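The values are calculated or read from the model by the stated rules, or taken from the named source; none is laboratory data. Since we're looking at a predicted model, the values are computed, not measured. Note that we place each Cβ from the backbone using ideal geometry, even for glycine, and neighbour counts take in every protein chain shown.
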Amino acid sequence: MSDAPLNHPEIRRLTPVLAPGHTYESVTEKISDVVLTRPIGIGWLAGFAVAFSLLMMLTVAITWLIAKGVGIWGINIPIGWGFAIVNFVWWIGIGHAGTLISAILFLLNQKWRTSINRFAEAMTLFAVACAGLFPLIHTGRPWMAYYMFPYPSSMGIWPQFRSPLIWDVFAVSTYGTVSLLFWFVGLIPDLATLRDRAPHKWQQYIFGGLALGWRGSARHWHRYQSAYLLLAGLATPLVLSVHTVVSFDFSVAIVPGWHTTIFPPYFVAGAIYSGFAMVLTIAIPLRAAYGLQDFITMRHLENMAKVMLATGLIVAYGYFFEFFLSEYSGNKFDVFLVQQRLHGPYAPFYYTLILCNILTPQLLWFQKVRRNVAALFVLSLVINTGMWLERFVIVVISLTRDFMPSAWGRYSATVWDYATFAGTLGLFTTLLFLFARALPAISIAEMRELVAHQSEEHE
Amino acid sequence: MEQRSQLYGVLGEFESAHQLLHAAEQVRDAGYTHMDAYAPYPVEGLSEALGLGRNKVPLLTLCGGLAGGLGGFGFEYWVNVISYPMNIAGRPLNSWPAFIPVTFELTVLGAALCAVFGMIALNGLPRPHHPVFNVHRFLRASTDLFFICIEATDPKFNLPETVRFLQSLNAQHVTEVQDEE
């Protein structure tokens, strides 16, 4: 057993969240240099080119959609929701891991969150941007989307506050706003650092303006810490509420397969599951590209793998209970829906979903897998696929097989559906590429705190 | 152009958070009140060392949350009961459980906006320029150096004495800070 010493609990405990030997200066330099002085590499350019092409495809797809209407998509009656809602739920779920890392792990005083919270929050913002796009363009007349907000209109009408769709408008817009505030507050001290280190005048002006004149005063830090802690406390119930409200879009309806009380908790768990998968999908190439292995260590990757395993098991429990309750209730529509999942025209999607979301992630029980970067990367992609399929199964199977056979239908996506979905992947990746170059991807101020704690422990 | 400059205070530089904490306590115990410390990250115990009391951010946040929640519910009530009543499946006009999600979201939104903008406003930001920025070494306050500034407005402030006092606390560089107008 050559690797036996590595598995020794004492050694594992000591696997650091920050590689030893770092000082305030070295962490600051390493992170801020990526933004300030590092030249743009060929890898970044190539990646950005691909992402940007996909983004351009999105603009084409949306332009065509606005010109022709939602008929260019595969949606029909009875399947009015289709890809747009599948993608909406998928994206908003991905965003949840960012808030979980920045807020909940902060409240739980988990030090390992420090080096991943900044880009996880950025990921949240970009995912919410992609998510918000779908209901907007799915309305068919996106230029009238402001009807959803309560404003004193000349028609004298108001939104219907008993409707989950209006709850959704408030939940998602609040979530987007609070995530942006949280992200910006975290950035203020780092923007000041960039202002003070920037070699060029124009950089000093931009970062100086954004830093609002932050000077690290003890009085400011005092209020800053209060505000940050309160934001974390507010974002924690908020993130749980957002996917709960998203699940209400389904569970408040009486459609078989949707009308269950297990939906809110299992949607939230699924959101965190897919979100952590996406954090890994981003973190693994990021740390390799910018040499950040000292900051995003094996310990981070392994912890994230453990969170995925735990939330994956909650999701599996949700699937099981969905299945069990419909059988146990004996309700013929619910029983029929389960049969449709297992044997209907979309059964291959259901089996792939089980394979991706439940069976494959069991590999994470093995430490060898959790500590294998390549395996984790592949698994994160598998889980993201699985979570997308989950939403597809929920939306499409229920809508194609509701109460009356005369109302049954079939759904298949068109090239425009795929183009729009791939386009949002482009939007997300483009924003990430720009973020990695324009702002510090790791919180510098918090890394300095970590250095301070580490040196205290050594004293 | 003629530049008038006025003494803002005296700035002492320290190499570690430990030294800064120790010095802040000494400055407070010496009876200075108009002073501030500057650190590249929030140093634990610094607010206590400087004798800062509780701040108003939590109170503002509470007010924002209450305003958001009460305002949100009140607005929903007014819309669905008074301004635009609609009978949906025979349910009461004031179907309050259905109003809770939006009430909750607006509570969080109000509280979060007040926490962030309250913090920024109480800190007197945005303020692009501040006299301490005139000291060249202060650039490193956002990387790895710690500072204490005793301001000229302090009743106990006396230039030579305050400089000597900061030096006695093992401050590496003690500099006068000029406020250029």
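What the table below lists for this structure:
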| quantity | calculated |
| --- | --- |
| The listed residue being buried (at least 21 other Cβ atoms within 10 Å of the Cβ), in a helix (DSSP H, G or I) and either without any contact (Cβ under 8 Å) to a residue 12 or more places away in the chain or away from every other protein chain (no Cβ under 14 Å) (or both), out of A:L191, A:L187, A:L100 | A:L100 |
| Output for segment A:214-267, where each listed residue is among the charged types (D, E, K, R), over 23 Å from A:G176 (Cα atoms) and in contact with an Asp or Glu (Cβ under 7 Å, 6 or more places away or on another chain) | A:R219 |
| Single residue of segment B:170-181 satisfying the filter (outside any strand (DSSP E or B) and modelled with pLDDT of 80 or more) that is surrounded by the fewest Cβ atoms within 10 Å (Cβ to Cβ) | B:Q172 |
| Scan of segment B:76-134 for residues that are outside any helix (DSSP H, G or I), farther than 30 Å from A:L229 by Cβ and more than 8 Å from every other protein chain (Cβ to nearest Cβ), ordered by number | B:P85, B:N87, B:A89, B:G90, B:P92, B:L93, B:N94 |
| First in segment B:158-176 and more than 18 Å from B:E15 (Cα to Cα), second anywhere and modelled with pLDDT of 80 or more and of a type in the set (V, I, T), Cβ under 8 Å, 6 or more apart | B:L159/B:V10; B:T162/B:V10; B:T162/B:I150; B:E176/B:V10; B:E176/B:V163 |
| Given (1) crowded, with 23+ Cβ neighbours inside 10 Å; (2) within 8 Å of chain B (Cβ to nearest Cβ), index of the condition A:V242 fails | (2) |
| Among the candidates B:E44, B:E2, residue that is within 9 Å of chain A (Cβ to nearest Cβ) and modelled with pLDDT under 85 | B:E44 |
| Qualifying residues in segment A:79-94 (those that are among the small types (G, A, S) and in contact with a Gly (Cβ under 7 Å, 6 or more places away or on another chain)) - the one nearest to A:D168 (Cα to Cα) | A:G93 |
| In segment B:136-157, the residues that are away from chain A (no Cβ under 11 Å) and assigned to a loop (DSSP other than H, G, I, E, B) | B:A152, B:T153, B:D154, B:P155, B:K156, B:F157 |
| Sole residue being at the interface with chain A (Cβ under 8 Å from one of its Cβ atoms), among the aliphatic types (A, V, I, L, M), buried (at least 22 other Cβ atoms within 10 Å of the Cβ) and within 22 Å of A:A452 (Cβ to Cβ), chosen from B:A23, B:A37 | B:A37 |
| Residue list for segment A:428-451, filter: within 17 Å of A:P39 (Cβ to Cβ) and of a type in the set (K, R) | A:R437 |
| Residues (within 15 Å of A:F263 (Cβ to Cβ) and aliphatic (A, V, I, L, M)) located in segment A:311-330 | A:I314, A:V315, A:L325 |
| Residue that is on the phi < 0 side of the Ramachandran plot, among the small types (G, A, S) and over 25 Å from the mean Cα position of the chain (by Cα), where the choices are B:S142, B:S168 | B:S168 |
| Residues of segment A:325-350 that turn out to be among the small types (G, A, S) and more than 19 Å from A:I254 (Cβ to Cβ), as a count | 2 |
| Subset tally (residues that are over 17 Å from B:F75 (Cα atoms), within 11 Å of chain B (Cβ to nearest Cβ), without any contact (Cβ under 8 Å) to a residue 24 or more places away in the chain and in a helix (DSSP H, G or I)) for segment A:127-172 | 0 |
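Conditions tested, residue by residue: (1) out of contact with any His (no Cβ under 6 Å at 6 or more places or on another chain); (2) more than 7 Å from every other protein chain (Cβ to nearest Cβ); (3) over 28 Å from A:I94 (Cα atoms); (4) surrounded by 21 or more Cβ atoms within 10 Å (Cβ to Cβ).
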position: A:A211; (1), (2), (3), (4): yes, yes, yes, yes
position: A:H222; (1), (2), (3), (4): yes, no, yes, yes
position: A:A227; (1), (2), (3), (4): yes, no, no, yes
position: A:G233; (1), (2), (3), (4): yes, yes, no, no
position: A:T236; (1), (2), (3), (4): yes, yes, no, no
position: A:V246; (1), (2), (3), (4): yes, yes, no, yes
position: A:D249; (1), (2), (3), (4): yes, yes, no, yes
position: A:I254; (1), (2), (3), (4): yes, yes, no, no
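Matching residues to (1) crowded, with 21+ Cβ neighbours inside 10 Å; (2) of a type in the set (D, E, K, R); (3) closer than 26 Å to B:L50 by Cα:
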site: B:V102; (1), (2), (3): yes, no, no
site: B:V116; (1), (2), (3): yes, no, yes
site: B:H129; (1), (2), (3): no, no, yes
site: B:S142; (1), (2), (3): yes, no, yes
